[in-house]
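Novice: This structure is in structure tokens; I'll ask about it shortly.
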């Protein structure tokens, strides 16, 4: 099999041909995730068109029919649009992402050279545990580090797709002179002061490179796997090194920012919150911080916070739960916050309905991502008006929302009809101990 062979454009569905023939512009979020970028690539590569990409900060307005008439194709955005897995009432379509929706619509989802790539992109978009050196996570880092240049992120990622798909299609054998990711990182480090004086970052980066190399045969989106595929296209080594240095520098800078955030948060005082529910009772450490760092939630969890409330300088708020605590959820906190956000003349809404996943019609500026137990008042890809709730009120909600008796007391003080307290409360020690073991296992793989 010659290295000069190219991917053959596949026959796509008639519906896709008709739709794409009218498309002039593709719309994605300002900081697109990997599933949006791969969806764009599939349309461009296999659809035979080269639409102009447009990146938006807020969700695109209009119906799917409106967009079709105007030659606009939303990917990963647009309410109830065909290539947006997010839905207003059900949070998201099960087992789907922008990539799978596009691939199925085009009829190319079973193509051998695409199957592993699509499966990994879907997994990273719907499940936790994606490697820091997988393409999905590197794109998130790139979006943080290149905040004003989504075109650069798009261009860099498309280069990875080209190498992955060619290698999956032709299964090229190794070439003399191929360099592994750890070897390349060592070369960069030898040639200059690559990591500065922070040994934590240097150790972390080399650990990531070695882990990526170990996993490169099992994951097509691993950085080490992509580098190997690029060598086998083949490409000039200087171009490969230029490509791979981009994510390495971004990950290095991202880790430096993470460590700075961790160091700053260690000076913050934890809030001890009592938990009482059907799974038990006990205490957990929580953290409420004012920060614009995109690492805030992860840094807070790293130092032991089980629930994190982050408010940025614009007033927007994000709440997240340590995903290892499967028995802990934000349902009551979501209800309480949404109730506080309601207008004075709209407080008689049914209490239970305020805990629905995704958005609530009366409180559209709060999004409850039930699967990940996260509550957003706007995010990097979905801008929302800042909450008017004071930080002190949020702290009060935090202290009450995980304790059935305190939730009942909070509701009673506001004349809200609530449910009875569950019986047979048990200590939480075993559940907390299990989460601590999982925390230690994860910490062993992250720079201290």
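Novice: Would you kindly state how much longer the chain becomes between residue 218 and residue 65 on full extension, computed as 0.36 nm times their sequence separation minus their alpha carbon distance, in nm to one decimal?
Specialist: Result: 51.0 nm gained on full extension.
Novice: Right, another one. Suppose only helical runs count, i.e. DSSP H with n ≥ 4. What mean residue ellipticity at 222 nm does that imply for the chain under -39500 (n - 2.57) per run, divided by all residues and rounded to the nearest 500 deg cm²/dmol?
Specialist: Counting only the DSSP helices, I get -14000 deg cm²/dmol.
Novice: Still on this model: Counting other beta carbons within 10 Å of each Cβ, put 131, 149 in order, fewest first.
Specialist: Ascending number of Cβ neighbours within 10 Å: 149, 131.
Novice: Please find the FRET efficiency linking residue 266 to residue 190, where r is the Cβ-Cβ separation and R0 is fixed at 30 Å, and quote it to the nearest 0.05.
Specialist: In this case the efficiency is close to 0.35.
Novice: Nearest 10 degrees, 0 to 90: what angle lies between the long axis of helix 135-145 and the longest principal axis of the chain (Cα atoms)?
Specialist: Rounded to the nearest ten degrees, it is 70.
Novice: Compute the length gained on full extension between residue 239 and residue 390: take 0.36 nm times their separation in residues and subtract their Cα-Cα distance, giving the result in nm to one decimal.
Specialist: Gain on stretching residue 239 to residue 390: 49.2 nm.
Novice: Out of (1) 82, 56, 43; (2) 74, 56, 38; (3) 76, 74, 42, which label holds the value of Cα extents along the principal axes in Å that was computed here?
Specialist: (2)
Novice: Using the beta-carbon distance between residue 292 and residue 22 and R0 = 56 Å, what value does 1/(1 + (r/R0)^6) give for FRET efficiency, to the nearest 0.05?
Specialist: According to the calculation, E is roughly 0.85.
Novice: Computed FRET efficiency, Cβ-Cβ of residue 79 and residue 323, R0 30 Å: what is it to the nearest 0.05?
Specialist: 0.60
Novice: Could you sort the peptides 53-61, 31-39, 339-347 by per-residue average Cβ neighbour count (10 Å cutoff), highest mean leading?
Specialist: Ranking the peptides 53-61, 31-39, 339-347 by packing returns 31-39, 53-61, 339-347.
Novice: Among the DSSP beta bridges whose two residues both lie in region 11-127, what percent are antiparallel, rounded to the nearest 5? List each step's numbers first, then the result.
Specialist: Numbers: 2 of 10 bridges.
Looking only at bridges with both residues in region 11-127, the antiparallel portion is about 20 percent.
Novice: Sorted by packing (mean other beta-carbon atoms within 10 Å per residue), highest first, where do 72-79, 175-182, 328-335 land?
Specialist: Put in order of decreasing packing, that is 72-79, 328-335, 175-182.
Novice: Rounded, prolate or oblate, given the Cα gyration tensor of region 11-127, with a/c below 1.5 counting as rounded? Could the numbers behind the result be given before it?
Specialist: Working: a/c = 1.55, a/b = 1.07, b/c = 1.44.
Because a/c hits 1.5 or more and a/b fails to exceed b/c, region 11-127 counts as oblate.
Novice: Let me ask you something else. Provide the descending list of Cα extents for region 130-265 along its principal axes, expressed in whole angstroms.
Specialist: Cα spread of region 130-265 along its principal axes, largest to smallest: 49, 31, 26 Å.
Novice: On full extension of the chain, what length is gained from residue 93 through residue 54, given 0.36 nm per residue of separation minus the C-alpha to C-alpha distance?
Specialist: Between residue 93 and residue 54, full extension yields an extra 11.6 nm.
Novice: Shifting gears a bit: Using a 7 Å offset from Cα along Cα-Cβ at residue 372, what residues in region 58-77 end up with backbone N under 14 Å from the label point?
Specialist: Inside the label zone: nothing.
Novice: Then there is this: According to the square roots a ≥ b ≥ c of the eigenvalues of the Cα gyration tensor, what is the shape class of region 272-357, taking rounded for a/c under 1.5, prolate for a/b larger than b/c otherwise, and oblate for the remainder?
Specialist: Oblate.
Novice: Given the chain, what percent of its DSSP beta bridges are antiparallel, to the nearest 5?
Specialist: Just about 60 percent of them are antiparallel.
Readers should treat all values here as calculations from the given coordinates under stated rules, not as data from a laboratory. Since this is a predicted model, take the numbers as computed values, not measurements. In this analysis, Cβ positions are derived from the backbone assuming ideal geometry, glycine residues included, and neighbour counts consider all displayed protein chains.
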